[in-house]
Amino acid sequence: MSPTPLLDVAGLETHFPVRKGLLRRQVGSVRAVDGVSFSIAKGRTLGLVGESGCGKTTVGRSVLRLVEPTAGAVRFAGADVRAMHGAALAALRRRMQIVFQDPYGSLNPRMTIRAILEEGLVIHRLGAADERLARMRSALERTGLAASALERYPHEFSGGQRQRIAIARALVLEPEFLVLDEPVSALDVSIQAQVVNLLVDLREQLGLTYLFISHDLSVVEHVADEVAVMYLGRIVEHATADALYRVPLHPYTLALFSAVPRIDPAHRRRRIVLTGDVPSPARPPAGCRFHPRCPLAESVCRSVDPPATVVEGHRVHCHVAARELDRGGTAAAAARRIAEMMTAGAADKIVTGGGA
Ligand code: SF4
């Protein structure tokens with residue numbers, strides 16, 4: 001039996017109005033998130049991956065109600081997040097924190113680290129002055145920084161150290177759940193591994209639960225227990241990390257994986273470069289949203305939204321994957337056939353290169 005989820009998201013939609021003219025009349029809406037469902041058990045990490053603009057950041061912000069969802073349910077520890085207001089919502093926000101991508105933009109350059117860390121404690125009225133100081137020191141030490149950092153300013157720190165401060169700012173409130181929104185993308189590659197390892201250690205030490213948002217599959221591989229792949233506001237494949245990295249089934253997942261550099265020749269995949277741009281989320285295509293760029297698209301893909309097929313730890317939305325799985329054999333055998341079709345069978349729509 002799967003463990004009780006700490007976070008449960010069902011049918012989440014977040015649409016933004018498009019307004020035009022002098023009267024700013026609404027003429028449409030951008031469907032940034034359009035029917036996303038997932039759950040995360042306590043102490044686990046869900047990686048949410050996809051290209052820029054696929055809606056993954058909006059999912060993270062909608063879960064925390066930093067943007068208001070249009071529809072769907074968000075439950076945290078059994079409580080209905082969308083029904084909360086005032087003091088109840090403020091108390092919930094202490095338990096659910098976010099770390100942003102940009103360690104330069106997310107820290108106010110005019111505030112000392114003490115003021116940055118103390119702000120949340122003051123807002124949530126947590127502890128007397130000496131208790132706040134102890135909490136701030138402890139949060140800094142947990143992230144590998146000395147307590148002397150409290151009297152300094154953000155510009156005195158490197159990018160990696162600033163991201164540690166941003167993590168300490170979240171930790172000082174003693175949250176249970178963190179949305180990590182591209183937490184290492186702005187850092188040098190040499191620093192990325194250190195911050196990823198820190199996040200993994202903190203999760204173990206503090207029993208934290210993560211929604212880890214990233215465009216980088218190789219970073220997610222080191223952190224996530226499960227991975228959900230997003231395309232144009234929807235999750236197209238969701239699987240345990242082990243199942244997804246061994247046996248990617250959705251053509252879009254395969255294309256993303258083919259771009260990940262691998263040192264080990266045994267794990268290299270032929271590069272699949274998708275043609276065309278991602279369609280506008282204001283006018284998503286009918287049927288499968290990936291069909292204008294998919295080398296395997298068939299007529300059914302242009303009109304029928306693919307339902308979920310569940311197999312061997314995967315939940316995949318693809319007509320061709322469903323048919324290949326239906327032919328029998330293992331998911332790995334189906335994945336191999338789909339990969340062969342992707343790299344060989346549709347050469348008119350894809351450009352293939354050497355090992356990535
Ligand atoms: Fe490609 Fe069709 Fe599968 Fe969509 S449903 S990913 S268009 S094969």
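Here the Karplus relation 6.51 cos²θ - 1.76 cosθ + 1.60, evaluated at θ = phi - 60°, turns the backbone of region 149-162 into coupling constants of 4, 4, 8, 9, 10, x, 5, 7, 10, 6, x, x, 5, 5 Hz, with x for every Gly and Pro. Between amide H atoms placed 1.01 Å from N, distances below 5 Å from LEU6 occur with ILE40, ALA41, LYS42, all of them 5 or more places distant or on a separate chain. For the chain, relative contact order (Cα pairs under 8 Å, six or more residues apart, normalised by length) works out to 18 percent. Close amide H pairs (under 5 Å, H built 1.01 Å from N) link THR209 with GLY43, PHE177, LEU178, residues at least 5 positions away or on another chain.
Computed from the C-beta positions of GLU131 and SER29, the FRET efficiency with R₀ = 41 Å rounds to 0.35.
Quick check: net charge around LEU89, other residues with Cβ under 12 Å of its Cβ, Lys/Arg +1 and Asp/Glu -1? Around LEU89, the surrounding residues sum to +3.
Comparing GLU174, GLU51, GLU131 in a Gaussian network model of the chain where C-alpha atoms under 10 Å apart are linked, the largest mean-square fluctuation is found at GLU131. Decide, for region 40-191, between rounded, prolate and oblate: order the square roots of the alpha carbon gyration tensor eigenvalues as a ≥ b ≥ c, take rounded if a/c falls under 1.5, and otherwise choose prolate if a/b is larger than b/c, else oblate. Judged from the Cα gyration tensor, region 40-191 comes out oblate (a/c at least 1.5, b/c at or above a/b). Rounded to the nearest whole Hz, the Karplus-based 3J(HN,Hα) values (6.51 cos²θ - 1.76 cosθ + 1.60, θ = phi - 60°) of region 46-56 follow the sequence 9, x, 10, 10, x, 5, 4, x, 7, x, 5, with x at glycine and proline.
Each part reduced to its alpha carbon centroid, region 222-239 and region 109-126 end up 34 Å apart. Would you give the gap between the C-alpha center of region 307-325 and the C-alpha center of region 63-106, rounded to a whole Å? The distance from the Cα centre of region 307-325 to that of region 63-106 comes to 32 Å. Helical content alone sets the calculated 222 nm signal of the chain at -9000 deg cm²/dmol, taking -39,500 (n - 2.57) per DSSP H segment of four or more residues and averaging over every residue.
Across region 35-42, computed HN-Hα scalar couplings (Karplus, 6.51 cos²θ - 1.76 cosθ + 1.60, θ = phi - 60°) run x, 9, 10, 6, 9, 10, 7, 4 Hz from first to last residue, x flagging Gly and Pro. Here the convex hull built on the C-alpha positions of the chain has a volume of 166 cubic angstrom per residue. For HIS124, nonlocal amide neighbours, meaning residues 5 or more places apart or on other chains whose placed amide H falls under 5 Å from its own, do not occur. Computed from label points 7 Å out along Cα-Cβ, the spacing between ALA115 and ARG94 is 2.4 nm.
Every read-out reported here was derived from the displayed coordinates using simple, explicitly stated rules and does not represent laboratory data. Every value quoted in this text rests on a predicted model; they were computed, and no experiment measured them. Positions of Cβ are backbone-derived with ideal geometry, glycine not excepted, and every protein chain shown enters the neighbour counts.
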